[in-house]
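Scroll down for the structure; my scribbles are underneath it.
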Amino acid sequence: MLIGVISDTHNQYERTARAIETMVQKQVKAIFHCGDLTRPKIVGSIISTGIPSYFVYGNNDDPGELSYEIEHQCGFDLGFSGMITLADRKIGMAHGDRPSLMQKIAAQEPDYLFFGHSHLATDFQQGPVHFLNPGALTRAPRWTFATLDLASGAIEWHTLDS
């Protein structure tokens, strides 16, 4: 199962739409946003694809502003962190700005822990947990997101040009 992972879009609607278009073309079966959406319009651009979409809040998000949009459009609101099982893989997600949340999720030993916040694409294994930060679509040296094949573990990095 191929999934898309994106973070730190910071209300960059056009860039987010281009990233989501790539995910749609690749036929991802789920989209994970690791926080710092900042505005409901970004939520709509992701959920409007009809692809199941999972969201956590970042340090620049207002949960009161975003939660209605996520739930109203049938997205999955995981709050500030969450854990789901998809294609027999346990996936944890948090924004990454709260180390205690990251530690709490990692202690549950998910197969993957998705996070953002640093705006730097990161991929590393620590014990049984594979950590993945897809990067950011603003305030980053390169605007990046990722697709991940849950069956093989293969990650494909995607870069947007200006």
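The values are calculated or read from the model by the stated rules, or taken from the named source; none is laboratory data. On a predicted model such as this, the values are computed, not experimentally measured, just so you know. Ideal geometry is used to build each Cβ from the backbone, glycine not excepted, and the neighbour counts take in all protein chains shown. Keep in mind that these areas ignore ligands, DNA and RNA; they rest on the heavy atoms of the full protein, side chains included. Shrake-Rupley method; radii C 1.70, N 1.55, O 1.52, S 1.80 Å.
Quote the charge dipole size of region 1-89 about the Cα centre in Debye, to the nearest 20; the model charges only the Cβ of Lys and Arg (+1) and of Asp and Glu (-1).
The calculation lands at about 400 debye.
Figure the gain on full extension for HIS72 and ASP88 (residue separation times 0.36 nm, minus the Cα-Cα span) and round it to one decimal in nm.
Additional length available on full extension: 3.0 nm.
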Residue by residue through region 94-105, the couplings from Karplus 6.51 cos²θ - 1.76 cosθ + 1.60 with θ = phi - 60°, in Hz, x for Gly and Pro, are 8, 6, x, 8, 10, x, 5, 5, 4, 5, 4, 5
Under 8 Å for C-alpha pairs, at least 6 residues apart: give me the relative contact order for region 1-151, rounded to a whole percent.
26
For the chain, the charge dipole (Cβ of Lys, Arg +1; Cβ of Asp, Glu -1; about the Cα centre) points to a positive end, and the Cα of ASN11, HIS130, PRO110 closest to that extreme belongs to HIS130
Give the span of region 105-151's Cα atoms along each principal axis, as three whole-Å numbers ordered largest to smallest.
31, 22, 13
Would region 73-153 count as rounded, prolate or oblate if I go by the C-alpha gyration tensor, calling it rounded below 1.5 in a/c and otherwise prolate when a/b exceeds b/c, oblate otherwise?
rounded
Mind checking which of VAL56, THR22, PRO99 is farthest towards the positive end of the chain's charge dipole, using Cβ charges of +1 (Lys, Arg) and -1 (Asp, Glu) about the Cα centre?
THR22
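What ranking of CYS34, CYS74 comes out by heavy-atom accessible area, probe 1.4 Å, highest first?
Details: CYS34 0, CYS74 105 Å².
The residues order as CYS74, CYS34, largest area first.
What does the C-alpha gyration tensor say about the overall shape of the chain? Classify as rounded when a/c is under 1.5, otherwise prolate if a/b is larger than b/c, or oblate. If you can, show how the numbers build up before the last one.
Working: a/c = 1.29, a/b = 1.17, b/c = 1.10.
Rounded, because the longest to shortest axis ratio a/c is under 1.5.
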Amide H contacts under 5 Å for ASP123, placed H, 5+ residues apart
ASN133
Cα coordinate range in region 1-91, projected on the principal axes (Å, largest first):
31, 28, 21
One finds, for SER48 and ARG142 with R0 = 25 angstrom and r their Cβ-Cβ distance, a FRET efficiency to the nearest 0.05 of 0.45
Compute the Cα gyration tensor for region 26-79, then decide on rounded, prolate or oblate, letting a ≥ b ≥ c be the square roots of its eigenvalues: rounded whenever a/c is under 1.5, prolate when a/b is larger than b/c in the other cases, and oblate in all that remain.
prolate
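Could you give the size of the charge dipole of the chain about its Cα centre, using +1 on the Cβ of each K and R and -1 on the Cβ of each D and E, expressed in debye and rounded to the nearest 20? Can you show the working numbers first?
Working: 12 positive and 18 negative charges, 34 e Å.
I would put it at about 160 debye.
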Judged on accessible area alone, 1.4 Å probe, highest first, LEU86, LEU150 line up as LEU86, LEU150
Among GLY153, SER81, HIS33, whose Cα lies farthest out toward the positive end of the dipole of the chain, if unit charges sit on the beta carbon of Lys, Arg (+1) and Asp, Glu (-1)?
GLY153
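Mind ranking LEU78, LEU120 by accessible surface for me, highest first, 1.4 Å probe? Display every interim value, and only then the final one.
On the way: LEU78 40, LEU120 95 Å².
Largest accessible area first, the list is LEU120, LEU78.
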